[in-house]
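The values are calculated or read from the model by the stated rules, or taken from the named source; none is laboratory data. The structure presented is a predicted model; accordingly, all values stated were derived computationally and were not measured. All Cβ positions, even for glycine, are placed from backbone atoms using ideal geometry, and neighbour counts span all protein chains on display. What goes into the accessible areas is simple: the full protein's heavy atoms, side chains included, and nothing from ligands, DNA or RNA. Shrake-Rupley method; radii C 1.70, N 1.55, O 1.52, S 1.80 Å.
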Amino acid sequence: MGDGALPGFVRLAGHPVRWLLMTELARSDLRVRELVGIVDEPQNLVSYHLKLLRDGGLVTSRRSSFDGRDTYYHLDLARCAEELEDLGTALHPALRMTPVPTPPPRKTTGSSVLFVCSGNSARSPIAEALLRHHAGTHLRVASAGTKPKDAVHPHAVRVLREHYDLDITRQRPRAIGSAERTRFGHTITLCDKAREALPPTNGQRAHWSIPDPAAGRRKDLYPEFVAVAAEIDARVRQLLPSLSTTGDQED
(Lines give C-alpha, C1' and ligand atoms only; values in the text may rest on other atoms or scores of the structure.)
Protein backbone atom coordinates (compact mmCIF):
# COMPACT_ATOMS: atom_id res chain seq x y z
CA MET A 1 0.00 0.00 0.00
CA GLY A 2 1.46 3.34 -0.98
CA ASP A 3 1.47 6.41 1.28
CA GLY A 4 -1.17 7.99 -0.89
CA ALA A 5 -3.68 5.31 0.18
CA LEU A 6 -3.28 6.09 3.89
CA PRO A 7 -5.93 8.28 5.53
CA GLY A 8 -4.79 11.86 5.96
CA PHE A 9 -4.77 11.74 9.75
CA VAL A 10 -2.49 8.70 9.75
CA ARG A 11 -0.04 10.32 7.35
CA LEU A 12 0.04 13.55 9.34
CA ALA A 13 0.04 12.22 12.90
CA GLY A 14 2.22 9.20 12.11
CA HIS A 15 5.44 11.20 11.77
CA PRO A 16 7.37 11.33 15.10
CA VAL A 17 8.04 15.07 14.95
CA ARG A 18 4.47 15.93 13.99
CA TRP A 19 3.10 13.67 16.70
CA LEU A 20 5.27 15.39 19.29
CA LEU A 21 4.15 18.79 18.03
CA MET A 22 0.52 17.71 18.28
CA THR A 23 0.87 16.37 21.82
CA GLU A 24 2.48 19.63 22.97
CA LEU A 25 -0.13 21.80 21.24
CA ALA A 26 -2.87 19.72 22.82
CA ARG A 27 -1.73 21.12 26.17
CA SER A 28 -1.15 24.76 25.27
CA ASP A 29 -0.91 27.21 22.37
CA LEU A 30 2.77 27.74 21.60
CA ARG A 31 5.08 29.72 19.32
CA VAL A 32 7.57 28.25 16.86
CA ARG A 33 10.63 29.05 18.97
CA GLU A 34 9.05 27.30 21.95
CA LEU A 35 8.25 24.24 19.87
CA VAL A 36 11.81 24.23 18.51
CA GLY A 37 13.14 23.96 22.05
CA ILE A 38 10.71 21.19 22.94
CA VAL A 39 11.28 18.92 19.94
CA ASP A 40 14.98 19.82 19.66
CA GLU A 41 14.85 20.20 15.88
CA PRO A 42 15.90 23.08 13.58
CA GLN A 43 13.35 25.87 13.16
CA ASN A 44 12.97 25.32 9.43
CA LEU A 45 12.06 21.67 10.03
CA VAL A 46 9.54 22.55 12.75
CA SER A 47 8.00 25.20 10.50
CA TYR A 48 7.76 22.67 7.68
CA HIS A 49 5.88 20.16 9.83
CA LEU A 50 3.61 22.87 11.22
CA LYS A 51 2.73 23.88 7.67
CA LEU A 52 1.74 20.30 6.86
CA LEU A 53 -0.44 20.15 9.97
CA ARG A 54 -2.03 23.48 9.05
CA ASP A 55 -2.64 22.40 5.46
CA GLY A 56 -4.23 19.21 6.81
CA GLY A 57 -6.59 21.23 9.00
CA LEU A 58 -5.31 19.84 12.30
CA VAL A 59 -3.49 22.98 13.45
CA THR A 60 -4.53 26.62 13.27
CA SER A 61 -2.45 29.74 13.79
CA ARG A 62 -3.10 33.24 15.06
CA ARG A 63 -0.88 36.30 15.16
CA SER A 64 0.07 37.38 18.66
CA SER A 65 -1.91 40.39 19.84
CA PHE A 66 1.12 41.35 21.95
CA ASP A 67 3.84 41.07 19.30
CA GLY A 68 2.56 40.84 15.73
CA ARG A 69 5.81 39.21 14.64
CA ASP A 70 4.94 36.14 16.72
CA THR A 71 2.41 33.47 15.80
CA TYR A 72 0.68 31.12 18.20
CA TYR A 73 -0.21 27.61 17.00
CA HIS A 74 -3.23 25.71 18.29
CA LEU A 75 -4.28 22.07 17.84
CA ASP A 76 -7.88 21.81 16.64
CA LEU A 77 -9.06 19.01 18.92
CA ALA A 78 -12.56 18.99 17.44
CA ARG A 79 -11.10 18.39 13.97
CA CYS A 80 -8.84 15.65 15.37
CA ALA A 81 -11.90 13.95 16.89
CA GLU A 82 -13.68 14.06 13.52
CA GLU A 83 -10.65 12.61 11.76
CA LEU A 84 -10.34 9.80 14.30
CA GLU A 85 -14.03 8.96 13.90
CA ASP A 86 -13.63 8.79 10.13
CA LEU A 87 -10.48 6.71 10.55
CA GLY A 88 -12.25 4.04 12.58
CA THR A 89 -15.13 3.85 10.13
CA ALA A 90 -12.73 3.59 7.18
CA LEU A 91 -11.07 0.55 8.75
CA HIS A 92 -14.33 -1.23 9.63
CA PRO A 93 -17.93 -0.10 10.26
CA ALA A 94 -17.84 -1.78 13.67
CA LEU A 95 -15.18 0.72 14.75
CA ARG A 96 -17.43 3.73 14.26
CA MET A 97 -16.89 6.00 17.23
CA THR A 98 -19.78 7.74 18.97
CA PRO A 99 -19.29 10.88 21.07
CA VAL A 100 -19.32 10.26 24.79
CA PRO A 101 -20.61 13.01 27.11
CA THR A 102 -17.73 14.71 28.89
CA PRO A 103 -17.82 13.75 32.57
CA PRO A 104 -17.11 16.41 35.19
CA PRO A 105 -13.65 16.19 36.73
CA ARG A 106 -13.30 14.03 39.81
CA LYS A 107 -13.54 16.04 42.98
CA THR A 108 -10.04 16.28 44.39
CA THR A 109 -8.88 18.28 47.37
CA GLY A 110 -7.71 21.71 46.26
CA SER A 111 -8.51 21.28 42.55
CA SER A 112 -8.36 24.79 41.12
CA VAL A 113 -8.07 26.77 37.88
CA LEU A 114 -7.17 30.43 37.47
CA PHE A 115 -7.87 32.22 34.17
CA VAL A 116 -5.84 35.33 33.43
CA CYS A 117 -6.10 38.09 30.81
CA SER A 118 -5.07 41.73 30.88
CA GLY A 119 -8.24 43.52 31.95
CA ASN A 120 -10.21 40.65 33.52
CA SER A 121 -13.22 42.21 31.81
CA ALA A 122 -14.03 39.83 28.94
CA ARG A 123 -12.14 36.63 28.15
CA SER A 124 -11.12 35.48 31.63
CA PRO A 125 -14.50 36.12 33.33
CA ILE A 126 -16.22 34.34 30.44
CA ALA A 127 -13.88 31.35 30.91
CA GLU A 128 -14.36 31.39 34.67
CA ALA A 129 -18.15 31.37 34.36
CA LEU A 130 -18.20 28.63 31.73
CA LEU A 131 -15.83 26.29 33.56
CA ARG A 132 -17.69 26.77 36.82
CA HIS A 133 -20.93 26.03 34.96
CA HIS A 134 -19.62 22.80 33.37
CA ALA A 135 -17.67 21.55 36.40
CA GLY A 136 -20.17 22.47 39.08
CA THR A 137 -18.72 22.13 42.57
CA HIS A 138 -15.90 19.86 41.43
CA LEU A 139 -13.43 22.70 40.92
CA ARG A 140 -12.39 25.98 42.48
CA VAL A 141 -12.37 28.48 39.61
CA ALA A 142 -11.33 32.14 39.52
CA SER A 143 -10.11 34.80 37.12
CA ALA A 144 -7.89 37.86 37.36
CA GLY A 145 -6.15 40.50 35.26
CA THR A 146 -2.61 41.81 35.04
CA LYS A 147 -4.10 45.30 34.64
CA PRO A 148 -7.76 44.96 35.64
CA LYS A 149 -10.32 47.38 34.25
CA ASP A 150 -13.02 49.09 36.27
CA ALA A 151 -15.87 46.80 35.22
CA VAL A 152 -16.70 43.64 33.30
CA HIS A 153 -17.56 44.48 29.70
CA PRO A 154 -21.35 44.64 29.24
CA HIS A 155 -21.12 42.39 26.17
CA ALA A 156 -19.42 39.71 28.29
CA VAL A 157 -22.35 39.86 30.69
CA ARG A 158 -24.81 39.81 27.79
CA VAL A 159 -23.30 36.87 25.89
CA LEU A 160 -23.22 34.69 28.99
CA ARG A 161 -26.81 35.56 29.81
CA GLU A 162 -28.21 35.16 26.28
CA HIS A 163 -26.24 32.15 25.07
CA TYR A 164 -25.42 30.21 28.27
CA ASP A 165 -28.04 31.38 30.78
CA LEU A 166 -25.33 32.53 33.21
CA ASP A 167 -25.42 35.72 35.27
CA ILE A 168 -22.20 37.57 36.15
CA THR A 169 -23.73 41.02 36.63
CA ARG A 170 -22.24 41.33 40.12
CA GLN A 171 -18.74 40.27 39.13
CA ARG A 172 -15.94 42.84 39.19
CA PRO A 173 -12.43 42.61 37.72
CA ARG A 174 -9.69 41.86 40.18
CA ALA A 175 -5.91 42.11 40.10
CA ILE A 176 -3.67 39.09 39.68
CA GLY A 177 -1.94 40.04 42.95
CA SER A 178 -5.04 39.21 44.98
CA ALA A 179 -5.40 35.88 43.18
CA GLU A 180 -1.74 34.98 43.67
CA ARG A 181 -2.29 34.84 47.41
CA THR A 182 -4.33 31.70 46.74
CA ARG A 183 -2.43 28.86 45.13
CA PHE A 184 -3.94 27.39 41.96
CA GLY A 185 -3.12 24.02 40.45
CA HIS A 186 -3.72 25.28 36.90
CA THR A 187 -3.18 28.78 35.52
CA ILE A 188 -4.42 29.49 31.99
CA THR A 189 -3.67 32.76 30.23
CA LEU A 190 -6.09 33.80 27.48
CA CYS A 191 -4.28 36.97 26.44
CA ASP A 192 -0.90 37.06 24.68
CA LYS A 193 0.10 40.21 26.54
CA ALA A 194 -0.89 38.73 29.90
CA ARG A 195 1.14 35.62 29.15
CA GLU A 196 4.28 37.73 28.73
CA ALA A 197 3.55 39.84 31.81
CA LEU A 198 2.59 37.02 34.17
CA PRO A 199 5.41 36.07 36.55
CA PRO A 200 6.20 32.40 37.25
CA THR A 201 3.42 30.66 39.13
CA ASN A 202 3.01 27.44 41.05
CA GLY A 203 1.17 24.57 39.43
CA GLN A 204 0.65 23.88 35.75
CA ARG A 205 0.50 26.67 33.18
CA ALA A 206 -1.09 26.73 29.74
CA HIS A 207 -1.94 29.41 27.21
CA TRP A 208 -4.99 29.94 25.01
CA SER A 209 -4.26 32.59 22.39
CA ILE A 210 -7.68 34.22 22.06
CA PRO A 211 -8.23 37.70 20.60
CA ASP A 212 -9.75 40.47 22.69
CA PRO A 213 -13.36 40.80 21.49
CA ALA A 214 -13.46 44.40 22.73
CA ALA A 215 -10.60 45.34 20.39
CA GLY A 216 -12.50 44.69 17.18
CA ARG A 217 -12.96 47.39 14.56
CA ARG A 218 -16.62 46.79 13.86
CA LYS A 219 -19.18 49.26 15.19
CA ASP A 220 -21.15 46.41 16.76
CA LEU A 221 -18.70 44.35 18.80
CA TYR A 222 -21.27 41.90 20.16
CA PRO A 223 -20.73 39.29 17.37
CA GLU A 224 -17.03 39.27 18.36
CA PHE A 225 -18.04 38.37 21.93
CA VAL A 226 -20.34 35.61 20.67
CA ALA A 227 -17.51 34.07 18.62
CA VAL A 228 -14.96 34.36 21.42
CA ALA A 229 -17.37 32.89 23.99
CA ALA A 230 -18.03 29.93 21.68
CA GLU A 231 -14.29 29.30 21.29
CA ILE A 232 -13.74 29.54 25.03
CA ASP A 233 -16.66 27.21 25.70
CA ALA A 234 -15.21 24.61 23.32
CA ARG A 235 -11.80 24.86 24.98
CA VAL A 236 -13.29 24.62 28.46
CA ARG A 237 -15.17 21.46 27.49
CA GLN A 238 -11.95 19.99 26.08
CA LEU A 239 -10.11 20.93 29.27
CA LEU A 240 -12.45 18.98 31.56
CA PRO A 241 -11.19 15.45 30.72
CA SER A 242 -7.60 16.45 31.44
CA LEU A 243 -8.66 17.84 34.80
CA SER A 244 -10.31 14.49 35.49
CA THR A 245 -7.05 12.61 35.06
CA THR A 246 -4.55 15.07 36.51
CA GLY A 247 -5.05 16.41 39.99
CA ASP A 248 -3.45 19.61 41.22
CA GLN A 249 0.26 19.45 41.88
CA GLU A 250 0.30 22.20 44.48
CA ASP A 251 2.04 20.48 47.39
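Here are some notes:
- Counted residues, region 31-46 - those being surrounded by 15 or more Cβ atoms within 10 Å (Cβ to Cβ) and either under 21 Å from R11 (Cα atoms) or in contact with a Leu (Cβ under 6 Å, 6 or more places away or on another chain) (or both): 4
- Some residue of region 68-79 being of a type in the set (K, R) and at pLDDT 85 or above: yes
- Meets criteria (assigned to a loop (DSSP other than H, G, I, E, B), open to solvent by less than 90 Å² (accessible area, probe 1.4 Å) and modelled with pLDDT under 95) for T102: yes
- In region 29-53, residue farthest from I210 (Cα to Cα) [restricted to those that are free of Cβ contacts under 8 Å to residues at least 24 places away in the same chain and of a type in the set (V, I, T)]: V39
- Some residue of region 49-66 being more than 24 Å from S242 (Cβ to Cβ), at pLDDT 95 or above, aromatic (F, W, Y) and open to solvent by 40 Å² or more (accessible area, probe 1.4 Å): no
- In region 168-179, the qualifying residues are those that are aliphatic (A, V, I, L, M) and assigned to a helix (DSSP H, G or I), and the one that is most open to solvent (accessible area, probe 1.4 Å) is I176.
- Among the residues making up region 76-98, those that are in contact with a Lys or Arg (Cβ under 9 Å, 6 or more places away or on another chain) and not small (G, A, S) are L77, E85, T89.
Here is a yes/no grid of residues against (1) in contact (Cβ under 8 Å) with a residue 24 or more places away in the chain; (2) surrounded by fewer than 22 Cβ atoms within 10 Å (Cβ to Cβ); (3) part of a loop (DSSP other than H, G, I, E, B):
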{"site": "A127", "(1), (2), (3)": "yes, no, no"}
{"site": "L131", "(1), (2), (3)": "yes, no, no"}
{"site": "A144", "(1), (2), (3)": "yes, no, no"}
{"site": "V159", "(1), (2), (3)": "yes, no, no"}
{"site": "E162", "(1), (2), (3)": "no, yes, no"}
{"site": "L166", "(1), (2), (3)": "yes, yes, yes"}
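- Summed over region 202-231, the residues that are touching a strand residue (DSSP E or B) at 6+ places or on another chain (Cβ under 9 Å) and under 21 Å from D70 (Cβ atoms) give a count of 8.
- Against the test of being at pLDDT 95 or above and touching a Pro at 6+ places or on another chain (Cβ under 9 Å), the options V36, V32, V17, V46 yield a single qualifying residue, V36.
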